[in-house]
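So the structure is just underneath, and the comments pick up after that.
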Amino acid sequence: MGQDAASPGDQHDAPQARRQADEFLRALVKGTISSTGGDFLRELVKQVSAALGIRYAFVGFLLPGARIRTLAFWNGDGYVDPMEYDLEGTPCTNVIAGETCHYAQGVQTLFPRDSELVTLGVTSYLAVPLKDPRGTVLGHLAAMDTKPMLLAPEEIEVFQLFGERAGVEIYRQVMERSLKERETTLRAISEGTAPAVGPDFFRLLVKNLATALSVTYAFVSEFCVDRTRVRTLAFWAGDRFEDNFDYAIAGTPCEKVLAGELYHCADGVADRFPHHKRELEELGVRSYLAIPVTSAGGGVLGHLAVMDTKRMEFEQLDHSVFKIFGARAGAELERMHMEARLRENEERLRDLFEEAPIAYVHEGIDTRFIRANKTAMKSLGITPDEIDGTYGRTFIPDTPEAQRRLKEALASIGKGIDTSGVILELRRKDNGKPLWIKWWSRPDPSGAYTRTMFLDITEQVLMEQEKARLEAANLYLQEEIKTVHNFEEIIGTSPAIKKVLQAVEKVAATDATVLVTGETGTGKELIARAIHNLSTRKDGVLVKVNCAAIPAGLIESELFGHEKGAFTGALARKVGRFELADKATIFLDEVGEIPLELQTKLLRVLQEGEFERLGSTRTLKVNVRVIAATNRDLEKEVREGRFRSDLYYRLNVFPIRSPALRDRVQDIPLLVSYFVKKFSTAMGKKIESVPAKAMESLKSYGWPGNIRELEHVIERAVILSQGPALELGDWMPKSATASGAGPPATLEEMERAHIIHVLIQTNWRVSGEKGAARILGLNPTTLEARMKKLGIQRPLT
Ligand SMILES: Nc1ncnc2c1ncn2[C@@H]1O[C@H](COP(=O)(O)OP(=O)(O)OP(=O)(O)O)[C@@H](O)[C@H]1O
């Protein structure tokens, strides 16, 4: 009980007081029973005035800033409009502090600063605080009179009772209003921010929050990486957005919030944070309220804050609104982070996909390309524009082997099997060049496409093929080495051979096809080798094919090679002679023997340098110089339809005729001594001379087998010779008549050949019944004279 300026204690008549109090109570109950809310308060003040017989009664409501607003005011005649006043200096101050105050009289003296008391002519005062259920003072119920107010304690108790009742009523009204306000605020903010995401959401959030809560500043922040700073996501400054900025949180009001607590400072915030006083004052900030913005897991991500240039009561800004929007901001921030991470991941994946050194392709089930990375495009020879509309299967060439592999591979995808490193042969799109890949493919879990990955192993395969080619070349050379070769020079000084040598020199440097014709054993191969050795290809192999020596059915595979399984008996891939001779020279001996059906293929190699292996459709390209040789009359062959004319003309670009030995008799001595030396050295014999007679018979012989025959004759002679002089032995009879390989050049030659032929038949007997002279119809002396003239001598045996 407050000060009682005039305690009625001594005159207290208890039964009388009780009665009066009962009456007072009854009057109040009766007067207010049917009213609630604002009406209740109005009725109450009226009834208080009437029942106590006093002039004034009112209900005051405590406002922020220690002010009171009257909610109902009775002045004895009627109600006064609501008004506000400062508590300070008034008798209400102590009531608001929680006490019941009764000043029976002299109240103006007690509260001299309260001029209103004077204006109203108030002498006495009675008031009780009005409290909410938690005991917080919401306002007061006061009674004032212009005369002393003598009341018994019982009457004051009744007054207090109604004070409690009024407190409940006010509390209910306050709650109702704040609920309504909260709802409006919530709706305003949530409606204002609903359609937005990302940075727009934060901008709308702070703007709407500031508007709904009637504060100047609102902002939302997130931690910078090191968590000692935050960066604003949106900052509303009363009438505009400020650019986002970051700041160190140490020593700021935000520090507490970012540690995870709600922080509220109703006033004087600048003084509490001396390090930031200036900035806060510059903004005119007096009050501050903020909550942490948290993730779903509870981690602090940043904060949501409002600041005002006036005092900001806690109740005014129902912090549950704040919490809701803090949570919403947290969710949005997390969503943004997630989105950023996803984007980053996607970018990283895309980069990985795009830049990976391994080729990646996504294909539809029908092999239509969906995506392909750079490596894939490079290997396949396609550009980014070509991805769409390209089908994977079109890269596979139409060879049985490649198609079989593809079929197997595709079947495995259909079954959902992860193919592991199938090797496929493809063709590049841009230049049709072969491409070998090691291929992995698996269906995407969605089943909509397959994810294919491949390694370009073309280089490896080409290297392996080259290795195989080189191995084959080696093998060939080893075989060649086994067969004795004449790498010797071409012996001869005759005009005929000189002509040949000139031609060889002339044509060697070019890549022209050369056709060497001539009888057997005239040195056609030697000419071919000479051309090769003088050419720029001399470091490569001269690959020889004797077309007459290979069964017709095998010539194709021998020349062009064959694929695995191309025909029965061919187990592995065979590298053909043309491949072996790539960048070098091929010598097609006895080219006239090539079957007609193969001549077309040969013509194509000559013209384009292209061919296919037997059993393959893949075109191989080679750079081969062709030297062909024949002892046949190819023109005749063409005429008789056994040789294609186009091939003949193509081969006959540069013909060289290898002269028959009998057409260069003057070379015989040179050749003889060359062979004598060669064989005697080889046999460890010392043969120093060739008797003139022997030489004469060699010179007079027709040499149907040409130099090869001469070589054999000399070899045999060297074997037979006992002493230092070459002994020819008995060689003529068998071959003297065999000079029909080509027509003798002169009559003299023919005469000599014929005489020798007959002499061999008569075993060199000239005269007599069985003598040669008789057969020839000549006188023996005439014959002897002719023989001497023609240099015919009986060979030594
Ligand atoms: N001018 C020459 N000088 C030295 N030796 C030669 C000469 N011409 C050919 N020979 C030798 O004669 C032999 C036969 O020569 P080659 O094999 O070149 O003849 P060819 O015309 O190719 O025979 P064919 O038509 O039977 O294949 C070889 O041992 C070769 O060394």
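The values are calculated or read from the model by the stated rules, or taken from the named source; none is laboratory data. On a predicted model such as this, the values are computed, not experimentally measured, just so you know. With ideal geometry, Cβ positions are generated from the backbone for all residues, glycine too; neighbour counts draw on all protein chains shown.
Structure notes:
- The set of residues in the stretch 33-48 that are in contact (Cβ under 8 Å) with a residue 40 or more places away in the chain and either polar (S, T, N, Q) or not assigned by TED's automatic domain parsing to the domain that holds ALA166 (or both) contains only THR36.
- Residue in the stretch 300-308 that is modelled with pLDDT under 90 and closer than 30 Å to ALA210 by Cβ present: no
- Residue-level check: of (1) outside any helix (DSSP H, G or I); (2) within 16 Å of the ligand (Cβ to nearest atom), ARG642 misses just (2).
- Complete set of residues in the stretch 169-196 that are aliphatic (A, V, I, L, M), assigned to a loop (DSSP other than H, G, I, E, B) and surrounded by fewer than 13 Cβ atoms within 10 Å (Cβ to Cβ): ALA194
- Selected residue (criterion: surrounded by the fewest Cβ atoms within 10 Å (Cβ to Cβ)) from residues of the stretch 266-276 that are free of Cβ contacts under 8 Å to residues at least 40 places away in the same chain and either of a type in the set (Gly, Ala, Ser) or in contact with a Phe, Trp or Tyr (Cβ under 8 Å, 6 or more places away or on another chain) (or both): GLY268
- Screening THR252, THR309 for residues that are among the polar types (S, T, N, Q) and surrounded by fewer than 16 Cβ atoms within 10 Å (Cβ to Cβ) leaves exactly one candidate, THR309.
- Members of the stretch 343-399 found to be part of a loop (DSSP other than H, G, I, E, B), out of contact with any Ser or Thr (no Cβ under 8 Å at 6 or more places or on another chain) and among the hydrophobic types (A, V, I, L, M, F, W, C), listed by number: ILE387, ILE396
- Test: residue in the stretch 131-147 that is assigned to a helix (DSSP H, G or I) and farther than 23 Å from GLN16 by Cα: no
- Filtering ALA327, ALA331 for residues that are at pLDDT below 85 and of a type in the set (A, V, I, L, M) leaves a single hit, ALA327.
- Candidate set from the stretch 517-538 (those that are hydroxyl-bearing (Ser, Thr, Tyr) and touching a residue at least 40 places away in the same chain (Cβ under 8 Å)); member that is nearest to VAL591 (Cα to Cα): THR517
- Residues that are basic (Lys, Arg) and at pLDDT 85 or above were ranked within the stretch 385-437; the one that is surrounded by the fewest Cβ atoms within 10 Å (Cβ to Cβ) is LYS433.
- Residue tally, condition crowded, with 19+ Cβ neighbours inside 10 Å and outside any loop (DSSP other than H, G, I, E, B), over the stretch 700-722: 10
- Residue within the stretch 565-578 that is at pLDDT 90 or above, away from the ligand (no atom under 16 Å from the Cβ) and either part of a helix (DSSP H, G or I) or more than 25 Å from LYS467 (Cβ to Cβ) (or both) present: yes
- Residue in the stretch 607-629 that is in contact (Cβ under 8 Å) with a residue 60 or more places away in the chain, part of a loop (DSSP other than H, G, I, E, B), within 16 Å of the ligand (Cβ to nearest atom) and under 24 Å from LYS524 (Cβ atoms) present: no
- Some residue of the stretch 472-483 being at pLDDT below 80, closer than 30 Å to ALA411 by Cβ and either away from the ligand (no atom under 11 Å from the Cβ) or surrounded by fewer than 16 Cβ atoms within 10 Å (Cβ to Cβ) (or both): no
- Some residue of the stretch 618-640 being within 30 Å of ASP398 (Cβ to Cβ) and among the polar types (S, T, N, Q): yes
- Options ALA512, ALA508; residue that is under 29 Å from GLU558 (Cα atoms), touching a Leu at 6+ places or on another chain (Cβ under 6 Å) and aliphatic (A, V, I, L, M): ALA508
- THR513 under 19 Å from LEU602 (Cβ atoms), surrounded by fewer than 22 Cβ atoms within 10 Å (Cβ to Cβ), more than 8 Å from the ligand (Cβ to nearest atom) and of a type in the set (S, T, N, Q): yes
- Filter pass, ASP456 being under 55 Å from the mean Cα position of the chain (by Cα), under 30 Å from GLY392 (Cβ atoms) and not assigned by TED's automatic domain parsing to the domain that holds GLY705: yes
- Test: residue in the stretch 625-632 that is at pLDDT below 90 and surrounded by fewer than 18 Cβ atoms within 10 Å (Cβ to Cβ): yes
- In this structure, GLY729 does satisfy being in contact with a Leu (Cβ under 8 Å, 6 or more places away or on another chain), in the same structural domain as ASP667 (by TED's automatic domain parsing) and at pLDDT below 85.
- Residue within the stretch 520-529 that is over 52 Å from the mean Cα position of the chain (by Cα) and at pLDDT below 90 present: yes
- Cross-chain or 6+ apart pairs with Cβ under 9 Å, the stretch 648-671 first and closer than 13 Å to ILE707 by Cα, then in a strand (DSSP E or B) and within 13 Å of the ligand (Cβ to nearest atom): SER658/VAL516; SER658/THR517; SER658/ALA629
Per-residue answers, yes or no, for (1) assigned to a loop (DSSP other than H, G, I, E, B); (2) closer than 29 Å to THR630 by Cβ; (3) in contact with a Leu (Cβ under 6 Å, 6 or more places away or on another chain):
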residue: PRO655; (1), (2), (3): no, yes, yes
residue: PRO659; (1), (2), (3): yes, yes, no
residue: ARG664; (1), (2), (3): no, yes, no
residue: PRO669; (1), (2), (3): no, no, no
residue: SER673; (1), (2), (3): no, no, no
residue: LYS677; (1), (2), (3): no, no, no
residue: SER680; (1), (2), (3): no, no, no
residue: LYS685; (1), (2), (3): yes, no, no
residue: ALA694; (1), (2), (3): no, no, yes
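- Taken as a whole, the structure places PHE202 among residues that are over 21 Å from MET312 (Cβ atoms), surrounded by 13 or more Cβ atoms within 10 Å (Cβ to Cβ) and in contact (Cβ under 8 Å) with a residue 60 or more places away in the chain.
- Among residues that are modelled with pLDDT of 85 or more and in contact with a strand residue (DSSP E or B) (Cβ under 9 Å, 6 or more places away or on another chain), ALA503 is included.
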